[in-house]
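Undergrad: This is the structure I have questions about; it appears just below.
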Amino acid sequence: MSPPATIIDLLDAVRIRAASLAEAKQRYSAELAPDFNLVDHLRNNEVALSRYLGLLLDTKGVHGQGELFLRGLLQRLGQPGFQPQDLLRVELEQRTHSGRFLDIYLEFRGGVIGIENKPWAVDQDKQMEDYARFLQLSARGGQWLLVYACNWEPSEASLNPEQREALEQSGNFLRLDFLRIAEWLDDSACHTRAPKVRLFVDALSAYVRQQVNGESDVSEAEQIKAVILQKPEHLEAALKVAQSIEQVKSQVLAEFKNALNQALKAEDLALVWEEQALLSGRASAGFGVKLHPAHQLHLRFEFVAAKLNGLEWGICRDDAKIKLHAAHIELIADAMDSHFGVGQRGANWPWYPGTGPRDSVLHDNERNWATAAEPWLRMQDDSGQGLVKRIVQLALKTQQALAGVHDAMCLRDR
């Protein structure tokens, strides 16, 4: 059965409007540079984002705006007990008693605030529990607060639900999503007096909205909205398309799974696929490649946020019950470093590249599957740029990289 004419009419109208917008952007790019964002061309990984936020929160920082940024954040945190004028110091990568590193550490007269910045990376075992203990000891009887800057909840392995509830009740734990962080930056930018600082804060907010929150281009969204509201039949057609989009995604995902499975079998590799978790879009859902039957770790792709958003990849243990020793982690990480560049290490993931320029495998527009068209197009792409062939090539390269540490992948000591 052919689709109703109104749906074809709507899709054509949206395509034409989007193409016109793209043409206008190209025509006036020299004057407006609409797709240029300063932060995209600076260091833009998790560590860099922590550095930018820490810079703004320092009341004596080079931004010259004094207490503006810190005051705005404290208001959003609802912490009247902490005052900007009482800030003593801001530290990045503050080492804890157990050897972990807390992203941003604020010391006040009478208390401390720790901010763990998680735009993309996954939690490590007991990570938030460790930070909570560290902040409590550092406060020395004063106030303390652990802020989890993330768009999803901390894993139960990082902070068990009972302890989290107790910390929230006592006012010692708060999750702050990046939607509110972007709002804080936007509001602060309006009151920033130095033009070059305002430019930076605006760019940082736009980066957070697009690269962390997965928000679409505002101008394009407005154009599509205008087309939909142009005619009653366009609105009706848009609602029908919206009702079908999940079925479309499910079909494309199933076809991608089958194609990837066949391509891996041809290379004597096995597909790891979490069917129900992926279909439901659960946070931490994933898929991957088993490089050797005896390995207890595999090449994994995982969505750290719900609705198939925040895709990352790396080497991960097959099961949360598997215990990794530091010696195994170092051997695996060193082997991956030598083939893919220096990555990050964790208890669950012995090696992962993180996001931004350090990741040469995934493009930024392929990480948020809920909002971006690019990953769905790449699933159906049979060329060397398609996801199937790229994942197979990555698996083969990873297999080669880890060939010399087979015992470590099997969790055997030499």
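The values are calculated or read from the model by the stated rules, or taken from the named source; none is laboratory data. Bear in mind that the values here come from a model prediction, so they are computed numbers and not experimental data. Ideal geometry is used to build each Cβ from the backbone, glycine not excepted, and the neighbour counts take in all protein chains shown.
Undergrad: For the list (1) within 16 Å of the chain's Cα centre (by Cα); (2) at positive phi, I need the number of the one condition that Asn365 fails.
TA: Only one criterion in (1) within 16 Å of the chain's Cα centre (by Cα); (2) at positive phi is unmet by Asn365, namely (2).
Undergrad: Okay, moving on. Among (1) in a helix (DSSP H, G or I); (2) touching an Asp or Glu at 6+ places or on another chain (Cβ under 9 Å); (3) surrounded by fewer than 16 Cβ atoms within 10 Å (Cβ to Cβ), which single condition is Leu70 missing?
TA: In the conditions (1) in a helix (DSSP H, G or I); (2) touching an Asp or Glu at 6+ places or on another chain (Cβ under 9 Å); (3) surrounded by fewer than 16 Cβ atoms within 10 Å (Cβ to Cβ), Leu70 misses (3) alone.
Undergrad: Would you say Lys118 is surrounded by 15 or more Cβ atoms within 10 Å (Cβ to Cβ) and on the phi > 0 side of the Ramachandran plot?
TA: Criteria not met by Lys118.
Undergrad: Further, regarding this structure: Regarding His298, is this residue more than 22 Å from His363 (Cβ to Cβ), touching a Gly at 6+ places or on another chain (Cβ under 6 Å) and of a type outside the set (Ser, Thr, Tyr)?
TA: The answer is yes for His298.
Undergrad: Related question: In the range 83-100, is there at least one residue being assigned to a loop (DSSP other than H, G, I, E, B), touching a residue at least 24 places away in the same chain (Cβ under 8 Å) and touching a Pro at 6+ places or on another chain (Cβ under 8 Å)?
TA: No, the range 83-100 contains no residue that is assigned to a loop (DSSP other than H, G, I, E, B), touching a residue at least 24 places away in the same chain (Cβ under 8 Å) and touching a Pro at 6+ places or on another chain (Cβ under 8 Å).
Undergrad: Something else: Taking the criterion of being at pLDDT 95 or above, surrounded by fewer than 22 Cβ atoms within 10 Å (Cβ to Cβ) and outside any loop (DSSP other than H, G, I, E, B), would at least one residue in the range 41-49 satisfy it?
TA: no
Undergrad: So, in the range 107-127, how many residues would count as being under 19 Å from Asp177 (Cβ atoms) and over 18 Å from the mean Cα position of the chain (by Cα)?
TA: Qualifying residue count, the range 107-127: 2.
Undergrad: So is Leu88 among the aliphatic types (A, V, I, L, M), crowded, with 16+ Cβ neighbours inside 10 Å and in contact with an Asp or Glu (Cβ under 7 Å, 6 or more places away or on another chain) or not?
TA: No: the conditions fail for Leu88.
Undergrad: Also, quick follow-up: Considering only residues that are free of Cβ contacts under 8 Å to residues at least 40 places away in the same chain, under 26 Å from the mean Cα position of the chain (by Cα) and surrounded by fewer than 17 Cβ atoms within 10 Å (Cβ to Cβ), which ones fall in the range 387-414?
TA: Gln393
Undergrad: Return the only residue of Gln344, Gln385 being among the polar types (S, T, N, Q) and either in contact with a Gly (Cβ under 8 Å, 6 or more places away or on another chain) or under 18 Å from Leu297 (Cα atoms) (or both).
TA: Gln344
Undergrad: Next question, about the same structure. Give the number of residues within the range 302-358 that are on the phi > 0 side of the Ramachandran plot and part of a loop (DSSP other than H, G, I, E, B).
TA: 4
Undergrad: A further question on this structure: Of everything in the range 335-352, what is touching a Phe, Trp or Tyr at 6+ places or on another chain (Cβ under 9 Å) and either closer than 20 Å to Asp123 by Cβ or without any contact (Cβ under 8 Å) to a residue 40 or more places away in the chain (or both)? Give them in sequence order.
TA: Passing the criteria: Asp337, Gly343, Gln344, Arg345, Gly346, Trp351, Tyr352.
Undergrad: For the range 138-165, name all the residues that are in a helix (DSSP H, G or I) and either under 17 Å from Phe82 (Cα atoms) or modelled with pLDDT of 95 or more (or both).
TA: Ser138, Ala139
Undergrad: Considering the range 386-405 alone, what residues qualify as being closer than 14 Å to Phe256 by Cα and assigned to a loop (DSSP other than H, G, I, E, B)?
TA: Gly386
Undergrad: Separate question: I'd like the residue in the range 166-176 that is in contact (Cβ under 8 Å) with a residue 12 or more places away in the chain and part of a loop (DSSP other than H, G, I, E, B) and, out of all such residues, is surrounded by the fewest Cβ atoms within 10 Å (Cβ to Cβ).
TA: My answer is Gly171.
Undergrad: Just one of Arg209, Arg180, Arg198, Arg193 is surrounded by 19 or more Cβ atoms within 10 Å (Cβ to Cβ) and either in a loop (DSSP other than H, G, I, E, B) or not aromatic (Phe, Trp, Tyr) (or both); which is it?
TA: On inspection, the qualifying residue turns out to be Arg209.
Undergrad: Conditions: (1) crowded, with 19+ Cβ neighbours inside 10 Å; (2) part of a strand (DSSP E or B). Val272 meets all but one. Number of the miss?
TA: Result: Val272 fails condition (1) only.
Undergrad: Against the definition (outside the structural domain of Leu331 (by TED's automatic domain parsing) and modelled with pLDDT under 85), how does Arg414 come out, yes or no?
TA: Here the answer is yes, as Arg414 does meet what is asked.
Undergrad: From (1) within 22 Å of Trp184 (Cα to Cα); (2) over 24 Å from the mean Cα position of the chain (by Cα), pick out the condition that doesn't hold for Leu135.
TA: The failed condition is (1).
Undergrad: Can you tell me which residue is surrounded by the fewest Cβ atoms within 10 Å (Cβ to Cβ) among those in the range 301-334 that are under 15 Å from Asp123 (Cβ atoms) and without any contact (Cβ under 8 Å) to a residue 60 or more places away in the chain?
TA: Only one residue fits best here, namely Arg317.
Undergrad: Check the range 250-272 and report whether any residue there is within 18 Å of Ala370 (Cα to Cα), within 27 Å of the chain's Cα centre (by Cα), among the basic types (Lys, Arg) and modelled with pLDDT of 95 or more.
TA: yes
Undergrad: Still on this model: Can you confirm whether Leu362 is in a loop (DSSP other than H, G, I, E, B), assigned by TED's automatic domain parsing to the domain that holds Gly314 and farther than 16 Å from Glu255 by Cα?
TA: So Leu362 passes the test.
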